[in-house]
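Single-structure report; data block below.
The values are calculated or read from the model by the stated rules, or taken from the named source; none is laboratory data. Everything numeric in this text was worked out from a predicted model, so none of it was measured. So basically every Cβ, Gly included, is an ideal-geometry build from the backbone, and we count neighbours across all protein chains shown. Surface areas here come from the heavy atoms of the whole protein model, side chains and all, with no ligands, DNA or RNA. Shrake-Rupley method; radii C 1.70, N 1.55, O 1.52, S 1.80 Å.
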Amino acid sequence: MIGAQLRARLVGVEQHMAMLEKEMANLEKQMTRLEDEKQTIEDDLGALVSPKVSQHKIPTEIMAMIFLEVKNAVRHPYVVLDLFAVCSHWHNIVKSTCHLYTDLLCHHVDQLETYASRAGTGLPLNLCFRQVGPQVSSDSQQLRQLVLQHASQWRLLSFVASIPADLPATFPNLLEYRAFSSEIDIDLPQLDAPRLRHLAFGRNYLGAGWQVKLPWAQITVLEIDNVAFRLQWWKILAETPSLEQLLITGDAVSFEKRVPPIAIIHLPRLHTISFEGADKDQVWQLMRSTTLPALETLKIPLDLLLLDNTVLDAFFERSNCSIRTLELILDFEPDGFLYRFLNAYATHLAPLRELTVRAPAQRDVKELLLLFTDPSFLPALDYLHVNECQHHVPLPPLVRMLSAREKLKTFGLTFSAENSQVDVNAAINDRCREEVDAALKKLRSLRADGLNVYVASYFKWHSPNVDWKMIEAILGEGEEDDESDEERESGVKQDSDERKESGEEQELDEEQGSEDGSDSEDD
């Protein structure tokens, strides 16, 4: 009896277990189906949020156009090498796209040969070949052959160190030729280039018969760097009647001193001169030897104009030019020379529209503010930039000057990176607080009226009397600043506390006191 009951219960348990196993199997099938559906939904969602398109599905022509856009945006030949190394697919596209090899920056002949072959024969090319090392002379013949092989394609040829000496071919599309060597006695080649306009060279000996080697008469831009001339200025300029820009850079070596030319040279198109690498004798010779009626832009260290007044007076009277852009570099000029120069030649500089003064010292700053507070001084001026200033600029006189210049549209002020202690100085104290507040109010008004005032400054805000509103008024900030006044004040307080902890607060206060004394004189 008992055994029959146990068997019956055992059969019931087995049947229940079979039913559970069947249900579990069905559930596993359902879970598998649901997981598959979930994965499908996730894949679809991922495709919608971040679609993945295989680069191999993009047509090769479109990829090539994208690479060209990248090259034009970066504007550096080495971007081709970066694209080249991404993958084999990109490698093949870059290798077969001729337009990627129109601007060649090469350091050895094999590299030039490879890139020039990829560029083909129908595209205009620009070459900068910079080679140094023992193989310079050994590769010169091969370099010459490659240059001649593509003579009809070159628009720009630039050689550094390795300069082909003989190029017996016509370069019908060459617009610019540049040759620079560390050796003085490297001769420039004879060039047949009917469209050549821009010529640049440095430390090269022009050699015998230089007048017929290059098409001087058609040159419009002459750029000379780090040059040791064995001939006078007037001999070169006499051969360039079409010259429009003369750019001198680097460290010039003087030639024979003050040798007068045979006759005054008339250069009717020369409108821009930049003397950053000349000496006084070269400037003296240019001013004495030329008539430049079209001169509009002059960039020159002011100490190079320490000439006889009769030389400058005669130049301005003879040329009757209208200089509209003037950049004066103040490095070694005597005290007060800036003031004397601008005052003496204010009549000749009356058409001046843009003036940049670089690296002015304390006296120069005072004199500039004094001169330009008079609106009749250089009345046409609409751009004034004081760059790399080496001394504090007192705020009230600065604003008075800006207020007086009704035609001024842009004023820029930057300070010397070598002296982080100089800055716009508001001289905040009990004696002049009202004057400073009035100056800041006027500065805001001038900006509102359209005056573009750019001040690159870390205004001396460590003084407890300076708030962020003053800083914003000087720097032209704050209109779009989302920080609250409380956050600004807490930031100022926190920085002040940090300075106290580092032991700097006392030094800054002493410095401020000394500046207040000096600024009262500035004011």
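Please go through the residue pairs Lys213/Lys280; Lys71/Lys409; Lys235/Lys299; Lys235/Lys280 and name each one whose alpha carbons sit more than 25 Å apart in this structure. Exceeds cut-off: Lys213/Lys280; Lys71/Lys409.
Can you tell me the accessible area per residue over segment 285-384, all protein chains present, probe 1.4 angstrom, in square angstrom?
Details: 3970 Å² over 100 residues.
Computed with neighbouring chains in place, this is 40 Å² per residue.
Quick check: the distance between the Cα centres of segment 320-389 and segment 30-44, to the nearest angstrom? First find each Cα centre; the distance between them is then 77 Å. Annotation: amide H of Leu167 within the under-5 Å range of Gln190, sequence separation 5 or more or interchain, hydrogens built in the peptide plane.
How do 100-110, 316-326 rank on mean C-beta neighbours within 10 Å, highest first? Let's see the in-between values first.
Values: 100-110: 19.2, 316-326: 16.9.
Highest to lowest by the protection proxy: 100-110, 316-326.
Scoring 282-289, 218-225 by mean Cβ neighbours within 10 Å over their residues and listing the highest first yields 282-289, 218-225.
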